[in-house]
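I have placed the structure first, in the form of structure tokens, so that the comments after it can refer back to it.
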Amino acid sequence: MNTHLTDDDIAAVVAGLESSSRAAEHLSSCVSCRQEVAALQRLVADRRRGMEAEHPDWQRQRLEVMARIPDRPAPLAAPARRWFRPLLAAAAVLVVAVGLGMLIPPGAEIPAPTDDLAIEQILAEVDAVLADDSLPGFEFIDPGVDDPASIFENGTS
């Protein structure tokens with residue numbers, strides 16, 4: 001009676017380890033065990049391909065990226081451009097200041113602003129508005145209060 005190879009013997013053959021002469025003899029004569037060895041070899045090869053896909057070759061990818069980078073860096077913009085805008089803004093402010101200075105004749109004094117309304121008139125108008133008992137919005141504070149002035153007199157409604 002011919003016994004088949006054990007799982008350990010098949011794994012040793014697939015791994016390339018030294019196998020016994022009995023295992024080599026059996027493989028040469030047994031189709032079933034050769035098919036098991038071939039199936040295990042295919043399984044190992046498929047798993048290795050899967051692992052390579054999961055873990056890319058970083059060194060190869062690094063070399064590919066480095067190959068795409070140009071040898072010389074692109075020249076930087078001229079440094080003269082960096083100070084051009086602030087200088088232009090300062091020149092514009094200077095032109096505006098000189099232009100406004102030329103509008104005012106030399107030696108002329110700027111007149112002080114005059115009050116169109118007298119202070120007493122403004123205060124009288126403010127007093128008239130505050131004395132009016134029908135200020136809008138007070139009726140919503142407490143609908144039970146008929147006289148809003150009573151709120152200010154005693155502090156409660």
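The values are calculated or read from the model by the stated rules, or taken from the named source; none is laboratory data. As the structure is a computational prediction, the values presented were derived from the model and not from experiment. Note that each Cβ is placed from the backbone with ideal geometry, even for glycine, and that neighbours are counted across all protein chains shown. Heads up: the accessible areas ignore ligands, DNA and RNA and are worked out on the full protein's heavy atoms, side chains in. Shrake-Rupley method; radii C 1.70, N 1.55, O 1.52, S 1.80 Å.
Quick notes
- Segment 22-45, subset of a type in the set (Val, Ile, Thr) and surrounded by 11 or more Cβ atoms within 10 Å (Cβ to Cβ), residue farthest from the chain's Cα centre (by Cα): VAL37
- Segment 3-21 - residue that is farther than 15 Å from ALA45 by Cα and part of a loop (DSSP other than H, G, I, E, B) and, of those, most open to solvent (accessible area, probe 1.4 Å): GLU18
- Every condition in (1) part of a helix (DSSP H, G or I); (2) over 34 Å from the mean Cα position of the chain (by Cα); (3) acidic (Asp, Glu); (4) at pLDDT below 75 is met by GLU52 except one, and the failing one is (2).
- Being among the acidic types (Asp, Glu), at pLDDT below 70, open to solvent by 70 Å² or more (accessible area, probe 1.4 Å) and assigned to a loop (DSSP other than H, G, I, E, B) is a property that ASP146 has.
Quick grid of which residues meet (1) part of a loop (DSSP other than H, G, I, E, B); (2) at pLDDT below 80; (3) open to solvent by less than 100 Å² (accessible area, probe 1.4 Å):
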{"residue": "LEU94", "(1), (2), (3)": "no, no, no"}
{"residue": "ALA97", "(1), (2), (3)": "no, no, yes"}
{"residue": "GLY101", "(1), (2), (3)": "no, yes, yes"}
{"residue": "PRO105", "(1), (2), (3)": "yes, yes, yes"}
{"residue": "ALA108", "(1), (2), (3)": "yes, yes, yes"}
{"residue": "ALA112", "(1), (2), (3)": "yes, yes, yes"}
{"residue": "LEU117", "(1), (2), (3)": "yes, yes, yes"}
{"residue": "ALA128", "(1), (2), (3)": "no, no, yes"}
